[in-house]
Amino acid sequence: MKYTTFNQVNNNPLLEPMFFGNPVNVARYDQQKHHIFEKLIEKQISFFWRPEEVDVSKDRVDFQKLSDSEKHIFISNLKYQTLLDSIQGRSPNIAFLPIISIPELETWVETWSFFETIHSRSYTHILRNLFGDPSSIFDDIVENEEIKKRAADISKYYDDLIFATQLWQTLGEGTHTIKGETHVITMRELKKKLYLCMNSVNALEAIRFYVSFACTFAFAERELMEGNSKIIRLIARDENLHLTSTQHVLNLWAKGKDDPEMAEIAEECKEQATQIFLNAVEQEKEWAGFLFQHGSMIGLNKEILCQYVEFIANHRMSAIGLGQPFDIKNNPLPWMNNYLSSDNVQVAPQESEISSYLVGQIDSEVNSDDFGDFDL
Amino acid sequence: MSKNTSSFMVEIKHHKTVQHQPNKTLLESIEQHVEIQYHCREGYCGACRTKLLKGEVEYQTDPLAFIEDDEILPCCCFPISPINIEIS
């Protein structure tokens, strides 16, 4: 079906499924089929923040003091986070918007993606502070084999859905041969691709971010790189909300509260969905191995980090009805919770070092020896 | 909307029974006694998802995280009757 930016059919959006119904026409929020997305939009907007508000200037001094293995951990993590948010800043828009059929979900996806672009901009903010020219760091993201391996696995479900949607929009359902390759496009196949893609996104938001979050907060536990940690706390808060949204979509489908065909597909593809999650867990453990290849850091090593991934995975998987496949029962990194709690995120400007709050961006630090040559 | 002023008993399956403390969330009341997972403490992440086996709770903030019909988010609710819960 051809996409139209303003669908002239006078449809009732309350009767549309979340995806693959009529394209959205009027962006109205006075009535909603699924209220949760409107609530998520409001919550997300209330979280608005700008990277420049967080003073990261002290991190530069801290960074010089880190050992080489710690520098490797810190920079590799930033590269991986940059990759994840590069993908998330565009992909939900490109993959989901053309096939969404209700206005509140359409706006949620746009709001969600917009926040991912704030995250991307904050990585530039952090890196520009650490290095005069961060080009080599960014360039390595498309050259580093460890990162590329993950990028391929994350983007393939998006790419698959996007390509199939394009064929469906231009050629409709049927068997199409493009450049010698045959593609069977049916509504059922499209919905399956959507289902798998949503599971892959859910796994991304649920666990892929958490290995790097743990490293960031482990530095902060030692009072190192605290500007960076403040930014990552804000990012983690947003990601939690994004995760909630994909969990809602998956559960609305599985429980038959939206498109009944999606409930069938959820049942049919449960094994594949589980596998997507377990693959993400394995890849994150491999990533932990890569991070600590030159040595651990105080308070964190590969084993504990892998246990934490399993612990988080149990929680996240049970939230979407995939059970708890790992044995671990207790949180191996209990201090993580302090950094993920929203109580510790929202601070009044005068209580934190928000640079835009400082008059003329003057250094706020005054030491007693600054008054050394003062005579009264 | 009722006020969070009573101190109902909270029976936690496989753990002890504790007393809810007025003006605290259910999470704040029970976390001193049992290990319970939490992240946001504001009802949007779902980390503290808990089964409500018996009794009733009321929310002080709208829970945004996905929960099953028999589940509650202790971080943003308080009991309005004696309750039985099971922590996953």
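The values are calculated or read from the model by the stated rules, or taken from the named source; none is laboratory data. The model shown is predicted, which means the values in this text are computed figures rather than measured ones. Positions of Cβ are backbone-derived with ideal geometry, glycine not excepted, and every protein chain shown enters the neighbour counts. When the accessible area is computed, the model is the full protein with side chains, heavy atoms only, and any ligands, DNA or RNA have been set aside. Shrake-Rupley method; radii C 1.70, N 1.55, O 1.52, S 1.80 Å.
Quick one: how many Å² of A:H125 are accessible to a 1.4 Å probe, rounded to 10?
40
Tell me, what is the FRET efficiency for A:S46 and A:A152 to the nearest 0.05, using R0 = 41 angstrom and their Cβ-Cβ distance as r?
That gives a FRET efficiency of 0.70.
Farthest toward the dipole's positive end in the stretch A:56-340, which of A:I185, A:L224, A:F292, given Cβ charges of +1 (Lys, Arg) and -1 (Asp, Glu) about the Cα centre?
A:L224
Determine the calculated [θ] at 222 nm for the protein assembly as shown from helices alone, applying -39500 (n - 2.57) to every DSSP H run no shorter than 4 residues and normalising by the residue count; nearest 500 deg cm²/dmol.
On the way: 14 runs with 224 residues, N = 464.
So the helix-based figure for the protein assembly as shown works out to -16000 deg cm²/dmol.
Computed on protein heavy atoms with a 1.4 Å probe, what is the summed buried accessible area for the chain pair B and A, in Å² to the nearest 100? Show your work: numbers first, answer last.
Details: alone 5270 and 17630 Å², together 20840 Å².
Buried area between the two chains comes out at roughly 2100 Å².
Which pairs break 29 Å Cα to Cα here: A:K33/A:K192; A:K65/A:K329; A:K2/A:K192; A:K65/A:K230; A:K79/A:K191; A:K39/A:K149? Mind showing how you got there, number by number?
Values: A:K33/A:K192 22 Å; A:K65/A:K329 36 Å; A:K2/A:K192 20 Å; A:K65/A:K230 19 Å; A:K79/A:K191 33 Å; A:K39/A:K149 36 Å.
Long pairs (Cα-Cα over 29 Å): A:K65/A:K329; A:K79/A:K191; A:K39/A:K149.
Taking all protein chains together and a probe of 1.4 Å, list A:D159, A:D369, A:D258 from the most accessible to the least accessible.
Listed by decreasing accessible area, they come as A:D369, A:D159, A:D258.
Given a 1.4 Å probe and the protein chains all in place, what does the accessible area of A:L97 round to, in Å² to the nearest 10?
Counting only protein heavy atoms, the figure is 30 Å².
Between B:E11 and A:S67, how many nm apart are label points set 7 Å from Cα along the C-beta direction?
That separation, rounded to one decimal, is 5.3 nm.
Using 1/(1 + (r/R0)^6) with R0 = 56 angstrom and r between the beta carbons of A:F114 and A:I298, what's the FRET efficiency to the nearest 0.05? Write out the running numbers ahead of the final one.
On the way: r = 37 Å, r/R0 = 0.66.
Result of the calculation: an efficiency of 0.95.
About its Cα centre, how strong a charge dipole does the stretch A:56-340 have in debye, to the nearest 20, once Lys and Arg get +1 and Asp and Glu get -1 at the Cβ?
Details: 29 positive and 40 negative charges, 97 e Å.
That gives the stretch A:56-340 a dipole magnitude of about 460 debye.
Report the accessible area of A:D343, computed with a 1.4 Å probe over the heavy atoms of all protein chains in place, in Å² rounded to the nearest 10.
Its accessible surface works out to 100 Å², give or take rounding.
Please state the equivalent ellipsoid semi-axes for the stretch A:215-291: what are the square roots of 5 times the Cα gyration tensor eigenvalues, largest first, in whole Å?
Numbers: eigenvalues 241, 65, 6 Å².
So the three semi-axes of the stretch A:215-291 are 35, 18, 6 Å.
Sticking to Cα atoms, compute the Rg of the stretch B:9-86 to one decimal and its Dmax as the biggest Cα-Cα distance, whole number, in Å.
Computed over the Cα atoms of the stretch B:9-86, radius of gyration and Dmax are 11.0, 29 Å.
Taking a temperature of 25 °C and a viscosity of 0.890 mPa s, what whole-number D in µm²/s does Stokes-Einstein yield for the stretch A:41-94 with Rh from Kirkwood over alpha carbon pairs?
Numbers: Rh = 13.9 Å.
Estimated via Stokes-Einstein, D reaches 176 µm²/s.
Roughly speaking, what is the centre-to-centre gap between the stretch A:195-254 and the stretch A:290-338 when only Cα atoms are used, to the nearest Å?
13
Show the residues, 5+ positions off or on another chain, whose built amide H is closer than 5 Å to the amide H of B:V57.
The list, which skips near neighbours in sequence, is B:I80.
Calculate one ³J(HN,Hα) per residue across the stretch A:264-273 by plugging θ = phi - 60° into the Karplus curve 6.51 cos²θ - 1.76 cosθ + 1.60, and present them in order as whole Hz with x for glycine and proline.
5, 5, 4, 5, 5, 9, 4, 4, 5, 4
Please check the stretch B:23-43 for residues whose accessible area, probe 1.4 Å, is lower by 40 Å² or more when all protein chains are in place than in their chain alone.
B:E35, B:Q37, B:Y38, B:H39, B:E42
What does the convex hull of the alpha-carbon atoms of the protein assembly as shown project to on average, in nm²?
One quarter of the hull surface, i.e. the mean projection, equals 27.8 nm².
Along the positive direction of the dipole of the protein assembly as shown (beta-carbon charges: Lys, Arg +1; Asp, Glu -1; about the Cα centre), which of B:T17, A:A273, A:I328 reaches farthest?
A:A273
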